[in-house]
1. Going by average Cβ neighbours within 10 Å, how do the peptides 372-379, 338-345 rank, with the highest at the top?
2. Hey, rough spin-label estimate for residue 519 and residue 279, points 7 angstrom out along Cα→Cβ, what's it come to in nanometres?
3. Sort 224, 250 so the one with the fewest other Cβ atoms within 10 Å of its own Cβ comes first.
4. Could you check the simple spin-label distance between residue 150 and residue 448, using points 7 Å along Cα→Cβ, in nm with one decimal?
5. For the stretch 198-351, just list the percent of Cα-Cα distances falling in each 5 Å bin from zero outward, please.
6. Mind grabbing the base-10 log of I(q)/I(0) for the stretch 33-72 at q = 0.14, 0.17, 0.26 Å⁻¹? Debye formula, identical points on the C-alpha positions, no solvent, two decimal places.
7. What is the order of 257, 310, fewest Cβ neighbours within 10 Å to most?
8. Suppose the chain between residue 81 and residue 653 were pulled fully straight at 0.36 nm per residue; how much longer would it get relative to their current alpha carbon spacing?
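Just so it is clear, none of the values below were taken in a lab; they were calculated from the coordinates. Predicted model, so just to flag it, every value in this text is computed and none were measured. As a convention, Cβ positions derive from the backbone with ideal geometry for all residues, glycine included, and neighbour counts pool all protein chains shown.
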């Protein structure tokens, strides 16, 4: 028993400083708050070494973890044990960082790091290992969590009328609509201040991205709820991978580490580009903003997208102008083969939109093997070396084809959407360098040896576009070199151009031939329908001319068109849209929208909806109008055979759709149709219920359910025929002369 508390009045301390608190300080000692298990990681599967190699191993470990942050002094501890008279390591060690954020970064970046063939490091938080050690030996079945069904992110594809959605951004309001052709668009969802700068759809339409001062937010589903957010202060530009799995963001403000709630660690300090996992929202890696180490300091033009993705999203690559192409792997975000592809003078590159699956053999084992990707790049003339176009395989880095070109001013790379061809638009100069003209170098990438076809021109090509689902292309040329250097929101001059259409003849040598030349045009943009065949020639961002022309390249199917291919190229309609700045086809290729954005000018902003034949369906003048974007659709899940079957029976489907269109022309027609369907369903349900009750009553009375009762047929059937004129079509038939 402790002695009872007592004190002597004669021996009290004179001042407060004379009081002895040593017993209280010992009992209630304050722990060392600087020591924290959150900053310690445990590294397993470390090579087992003796004392002679201990220092060398610890040096290698510190080098591996150097990029994760600062390690405390004497912060690496590797336990040793006595074995066969020697002191050897136990195969694991502890590392203490200065902050818990550094430890988190070490777990994310170094976990599964391969030191050699036998040793792959496993990195875990110390607290996680401690929790694992405290797991009870007896198994206790966890409580089953209540299942909460989430909204389907692609529910808009289930629309019974197979309509497409689009989004508009005007003033501070963002709204999503259903397209109803000639009828007024149906509002799906709208919100004020939904974004601070602009909106962007993911490539397959699953997510809607909004850009804010604090970062990026993704929205989707039927209720348009927030799905994910990414913290990146000052973000200006975003880009998705083709499969929507990764998001790339760029900010002109360098990243600062140590901000509360920020996912950025010390290794991201000063970087400007971040790559995120869309599904989990996890930061995967950051990169510096300008890869050109020799670039002059100060504001520079941003190359966007900063990373170009391969069609499978397995690789993404970045250009260091004049030096190299760096190819990275996903999801590890590591540099392919741990080194960049050094290419002296490299100016630009592009991935093929399709892998080389079409050219591969058809055996089952080969189908399971991941296909190689292909990219094309070009280098200018350096010294006595000519300019060069190169096709490179990834990941093997094998050169598939090269082509030397001379007197080159600039090149533009245009892959066919299916990867069947590669067109390099080469701007060449004369020996005096006073004039410029263009050549088209067309690579047949599916042919053996990848032969190259050259189409020479006497003018400058300012626009080029492949037919998405065909083997034709269009090119716009001009004799005015000023059109190559037009800057600013609008074009102060009227372009004088020619438009040429080329098609493949099926013969490899000189296979592309001119089928139609349109002279004395003003078009500076060409936009093909996503389904091919139709295209729009348009004069964009001009202060004087606003021509919009709708063309059909397969209008004639007669013998004359077979003999003269130009006969099938026909102008469907010629329209105007004052101040037009942008054009976008819908995913089906049935509708086109031209728009005038207030980001370019403030005169009659708004948008106009056309059908593919050039008939105006709707026109909207909208104050402070900024954006119009169709919602993309994912690739179809139907097989080639199923698609061919639909095309064979297209006339039958067309009749059904035409009938629905006629009934949906007015709201009254739709209401009558729905009321008739409802009454028919009620009648069928009542009849089935009465027949069931009658059968049960007969069985209960001992009668045959199918027994004929006299008088059942003693009723009179009256048929009433109602004729309704759905449509009328008048045709004038000329009588042949005898």
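1. Top to bottom by mean Cβ count within 10 Å: 372-379, 338-345.
2. If labels sit at residue 519 and residue 279, their model points lie 5.9 nm apart.
3. 224, 250
4. If labels sit at residue 150 and residue 448, their model points lie 5.0 nm apart.
5. Distribution as computed: 2, 9, 18, 22, 21, 16, 9, 4, 1, 0, 0 percent.
6. -0.41, -0.59, -1.02
7. With the fewest neighbours first, 257, 310 line up as 257, 310.
8. 198.0 nm
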